[in-house]
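Student: Can you read through this structure? Questions will come right after.
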Amino acid sequence: MNESGISSIRLLLLGAGPRLAGAALVIAALWAGFFWAIATPGAL
Amino acid sequence: MFSRRLLLGSATALAALSLSAPNLTQADEPTRVVATFSILGDMVQRIGGEHIALTTLVGPNGDAHVYQPSPADARAVSEAQVLIENGLEFEGWLGRLVEASDFSGVRVMATDGVEPIAFDDGHDDHGEDKHDDHDDHGHDDHAEDKHDDHGHEGGHGHGAHAFEWAGLFELEAGTYTWSFAKVGGDYADPAMKMVILSADDIEAVEETAEDLLEADASETKTHGDALAAKEAAYALTFDAAKEVTTFTVTIADAGKFAFFTEHMPFEFEANEHFFKDASGADVEPIAQEPDVDHGDHGHGGHHGHDHGAFDPHAWQSLENAVIYVDNVTEALAKADPANAASFYENRAAYVAEIEALQADVVAMVAEIPENKRTVVTSHDAFGYFADSYGLTFAAPQGLSTESEASAKDVAELIKQIRKESISAVFVETITDNRLLEQIANETGAAIGGTLYSDALSDADGPAPTYLDMMRHNATTISTALGS
Amino acid sequence: MTAAVVFQDLTLGYERLPAVQNLQTEIADGSLTAIVGPNGAGKSTLLKGMTGALAPLAGNVSFEALRRDDIAYLPQQSDIDRSFPLTVMDLVAMGLWREIGPFGRISGRHQDRIASAIATVGLTGFETRPIGSLSGGQMQRTLFARLLLQDARLVLLDEPFAAIDAKTMDDLISVVRRWHGEGRTVLAVLHDAETVSAHFPQTLMLARELVAHGPTEKVLTVENQFRARQKCEACVGPTHTCGRAAA
Amino acid sequence: MWDLFFQPFADFGFMRRALMGCFAISIGATPVGVFLMLRRMSLTGDAMAHAILPGAAVGFLVSGLSLGAMTIGGLIAGMAVALLSGFVTRVTALREDASLAAFYLISLALGVLIVSTRGSNVDLMHVLFGTVLALDNAALILLCSIASVSVLTLAVLFRPLVLECADPQFLRSVSGFSAVTHFTFLTLVVLNLVGGFHALGTLMAVGIMILPAAAARFWAVSIGGMIAAAIAVAMLSSLIGLLLSYHYSLPSGPAIILVAGVFYGVSLVAGPVGGLVARGLPRRSLEI
């Protein structure tokens, strides 16, 4: 098997700091989406 | 499976017959009756009063669409003398329950004689069609029409005839087989009379046939005997030891023949058509009486009339309630002739209440401005209500609570609410109202109240009886939309 | 010479059926010991008992001045999920657990040590290969690289040379000898008598109970092997479960 | 283009909520699904889904269609089954799948019994089939919170979790994290299934957990890449499924899961990592 596919993200080698930072980014995006979703519709 | 409606026809006719000769078994103890769900149960209780012991399978606030019977239900059904169901495929689970419980009583479909609303998929079209239709007729006329129709087609009319069914067949010379099969382990009746006459149409020989059937003289025939077209009544007795009792019909000369039977031949159909020629091919009547409105019965076998094609929520119209009540009354009178008078008294009182409420509801709806008569609910349960009172109903969910809404349905409903400036939507007791609450949220419409569609409330609720329920629904709708 | 491991009347087993009975002996600190015995003699069970994965039914095993992470254990290959999407480097890097734990980062210094461990077992150039694509020999080299990084005082190897090619075996034996040279205590379950005699100064022969323990040339005798086979058959019953001799 | 893809979300709040609810599940549940798959525990998700059902049902009986009661009930039932089966596995020779099966069946039967004795006729399976079109603020907050907790926990426990899956013996030999990791992971499974049933119903929630993970197997070689691919597949399935439901009047839950199923099928055939097409191509030798 060669190195095809999505180039490997070496999560295992990352320390907790970068992992948490990544998680924080994802969570921030998620909650941003949440506020977008519950906002009263702009275009009617 | 044969048509339940036809079975019912025979039951009502027999009820009428037994009234004229009330010398059948008299029971001291109350008749055991099972009704499938709370609304029906309430009606049955009103008619039966203290003379019946009623079991209601799906109780208050229960959803009969998706009900799962318990062994206790099976026992209630197996002990029941009368089983009253709504029909129109409302109780999809009932067939299995009846089979599993060895039910041997009379199965009555309360919607027999109701003009069912065909279910077409867009709820919008559905609602609007009804609306137009309604405007053409006007409220009261419409109600009258229906009631009269019922008088002809339903139970009353049959009592006048000594036969329950007549069929005209075009036959070649030869032998034919007329069979009576056990359905659910028993013959629908132990015996019946039959007359075969050569005739061009049924009406020409109807009187002759009635005279023959009513006369005491008859030839007794048993399994395997031959029958011929002649001026005589046959008393056919069915062989309890056999699954199927057959008679040979011998036709000497080709022509048209009218067969008059004391009971519906369909109710003796297990898997096979009741009348076959020598080669075993089904022979269908070219005309029959009553001219049952199942055209497909004669042509395409006995399945698939009301398999989900009709809206089952027929009780949502008070006009239909009268039909329900009549069917129930006749069934009870047949099962317990000794108390028939009491049942008919109860019926009269109840129908008077229903008619009074009908007038109230019509008046309440009339107060709602014309352009506000759209009612949004959780599931499509109010087709008959809409039909009767000139309202349009819309719902994200289909006829059964089991269906799942699509984003398109929801979006269209929201568009409709916005376009028509609908101010209130209504939740239902038995369904999951989260979707409707979201729709209200999104459109700014208020929750106008809780409607009772498929089940009554318990005793402390606002709709413990059928009449309370109808009044509650009408009041809720007119209050929310009338302002 | 102090003892690294002391077995005191140790009985190990599964579901009350003892696989190792009343083992009473000591493993000297810094020794290189082979554990031999017929199949079913309880060799792997003994290693599991030493890692703590299996609680003793009776007696105990004690380590002189050793903590849990001073012990490195190489299980039989079947215990690892080879289909798991890990690279050689991922797996080797986990040998640093004692230093990085669940949360620590892998520093440049760590990277160098990973690279050197991979080089020691001759897998340079294979760092990003998924472990699922490795041959048996390559997999065993990878695991040895991880053991190297674990830097353990006591190394337990369960059949480390089973089903691998001769070249790999030679390379890995030199790793084992290097550990021995560094003063670590090494215990290896083996079944090949030649390997044992050639490279392991000490031997512990097991047949559910201790048969013999001491210098390899005194333990690995025909007589002992016969005794071991007899003991094993006597207690297990059906001969086919332990029919093969230790050599 | 705009009309096809964006108009529904611009016009309708329920579409935006549905999309975000599905995205939250994609972000929270899918990585858990990847680990379930890698641990060969894909069917565990299904078993756990059944295990939480009675708890949620009891919650429903106690306080109706209440988000809180059903969530807490589901969590309790799911955790009880997870812990008991894990405990039994660790102290006896019974394998995890067998003990899990035993406990979830007991849990299911107990739930049905409780429901029956309470005499409610409302069909519970039906009630428990949430619909993604009906997410209110509370439900959406719950879903986003579960996803957040899930992502954070995975970030913290990533390394031990990988080892617990790939080489549990090694993890046990180097640290005491094994048991903690295992039970934390099971908690995440339960938590995400409980969240999922509000939006998709219990069984559909298993679908969005497992199908994208199975598809991702054919796209990535590393665990990180696999998680990223799985989340991408799950989010795309949610988006496409919702749009199909909007434009073609299909029920939304099944549409989303079926789109994920199509992704799985396509990946199976065309995925670059071990897909059928990739397998058919000649490979260069990789032996030394």
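Student: Just wondering, is there one or more residues in segment D:204-212 that are over 24 Å from D:Ile141 (Cβ atoms) and assigned to a helix (DSSP H, G or I)?
Tutor: Scanning segment D:204-212 turns up at least one residue that is over 24 Å from D:Ile141 (Cβ atoms) and assigned to a helix (DSSP H, G or I).
Student: Please work out which one of (1) open to solvent by less than 50 Å² (accessible area, probe 1.4 Å); (2) part of a helix (DSSP H, G or I); (3) not acidic (Asp, Glu) is the condition C:Arg98 fails and give its number.
Tutor: (1)
Student: On to the next question. What about D:Ala82, is it over 14 Å from the mean Cα position of the chain (by Cα) and within 30 Å of D:Ser222 (Cβ to Cβ)?
Tutor: yes
Student: Follow-up question, since we're still on this one. Given the conditions (1) under 30 Å from A:Trp36 (Cα atoms); (2) open to solvent by less than 20 Å² (accessible area, probe 1.4 Å), which single one is not true for D:Gly68?
Tutor: Status for D:Gly68: all satisfied but (2).
Student: Okay, moving on. Just checking, which of C:Gly137, C:Gly132 is within 24 Å of C:Met89 (Cβ to Cβ) and surrounded by 20 or more Cβ atoms within 10 Å (Cβ to Cβ)?
Tutor: None of the others qualify; the one that does is C:Gly137.
Student: Counting only residues that are in a helix (DSSP H, G or I), without any contact (Cβ under 8 Å) to a residue 24 or more places away in the chain and not aromatic (Phe, Trp, Tyr), which one in segment D:1-27 is most open to solvent (accessible area, probe 1.4 Å)?
Tutor: Result: D:Asp3.
Student: Also, I was wondering about something else. How many of the residues in segment C:17-52 are open to solvent by 50 Å² or more (accessible area, probe 1.4 Å) and of a type in the set (A, V, I, L, M)?
Tutor: 1
Student: Kindly indicate whether D:Asn121 is touching a strand residue (DSSP E or B) at 6+ places or on another chain (Cβ under 6 Å) and either modelled with pLDDT of 90 or more or among the polar types (S, T, N, Q) (or both).
Tutor: Yes, satisfied.
Student: Of everything in segment C:110-123, what is surrounded by fewer than 19 Cβ atoms within 10 Å (Cβ to Cβ) and either touching a Phe, Trp or Tyr at 6+ places or on another chain (Cβ under 6 Å) or charged (D, E, K, R) (or both)? Give them in sequence order.
Tutor: Within segment C:110-123, just C:Asp112 meets the criteria.
Student: Closer than 23 Å to A:Phe34 by Cβ and within 18 Å of the chain's Cα centre (by Cα): which single residue out of D:Ala24, D:Ala51 fits that description?
Tutor: Selected residue: D:Ala24, the only one of D:Ala24, D:Ala51 that is closer than 23 Å to A:Phe34 by Cβ and within 18 Å of the chain's Cα centre (by Cα).
Student: Which condition from (1) surrounded by fewer than 24 Cβ atoms within 10 Å (Cβ to Cβ); (2) in contact with a Phe, Trp or Tyr (Cβ under 9 Å, 6 or more places away or on another chain); (3) more than 7 Å from every other protein chain (Cβ to nearest Cβ) is the one that D:Gln169 breaks?
Tutor: Every condition holds for D:Gln169 apart from (3).
Student: Considering every residue within segment B:334-350, establish whether at least one is closer than 30 Å to D:Leu200 by Cβ, in contact with a strand residue (DSSP E or B) (Cβ under 7 Å, 6 or more places away or on another chain) and charged (D, E, K, R).
Tutor: No, that holds for no residue.
Student: Kindly establish whether B:Gly41 is out of contact with any His (no Cβ under 8 Å at 6 or more places or on another chain), assigned to a helix (DSSP H, G or I), open to solvent by 10 Å² or more (accessible area, probe 1.4 Å) and of a type outside the set (A, V, I, L, M).
Tutor: Spelling it out, it is not the case that B:Gly41 is out of contact with any His (no Cβ under 8 Å at 6 or more places or on another chain), assigned to a helix (DSSP H, G or I), open to solvent by 10 Å² or more (accessible area, probe 1.4 Å) and of a type outside the set (A, V, I, L, M).
Student: From the set of residues in segment B:307-358 that are of a type in the set (Ser, Thr, Tyr) and surrounded by fewer than 24 Cβ atoms within 10 Å (Cβ to Cβ), which is nearest to B:Met469 (Cα to Cα)?
Tutor: In this case the residue turns out to be B:Tyr350.
Student: In segment B:61-72, what residues are more than 9 Å from chain D (Cβ to nearest Cβ) and either at pLDDT below 75 or surrounded by 17 or more Cβ atoms within 10 Å (Cβ to Cβ) (or both)?
Tutor: Passing the criteria: only B:Pro69.
Student: Taking the conditions exactly as written (at pLDDT below 80 and assigned by TED's automatic domain parsing to the domain that holds B:Ser317), does B:Asp42 satisfy them or not?
Tutor: No; evaluated as a whole, the condition is false for this residue.
Student: Right, here's the next one. State the number of residues belonging to segment B:197-250 that are open to solvent by 30 Å² or more (accessible area, probe 1.4 Å), polar (S, T, N, Q) and in a strand (DSSP E or B).
Tutor: Total meeting the criteria: 6.
Condition check ((1) buried (at least 22 other Cβ atoms within 10 Å of the Cβ); (2) touching a residue at least 60 places away in the same chain (Cβ under 8 Å); (3) away from every other protein chain (no Cβ under 14 Å)) across all residues:
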site	(1), (2), (3)
C:Gly125	no, no, no
C:Phe144	yes, yes, no
C:Gly183	no, yes, yes
C:Val186	yes, yes, yes
C:His191	no, yes, yes
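The values are calculated or read from the model by the stated rules, or taken from the named source; none is laboratory data. Just so we're clear, the structure is a prediction, and the values are computed from it rather than from any experiment. Cβ sites come from the backbone with ideal geometry, for glycine too, and all protein chains shown count toward neighbours. Note: accessible area is taken over every heavy atom of the protein model, side chains too, but ligands, DNA and RNA are not part of it. Shrake-Rupley method; radii C 1.70, N 1.55, O 1.52, S 1.80 Å.
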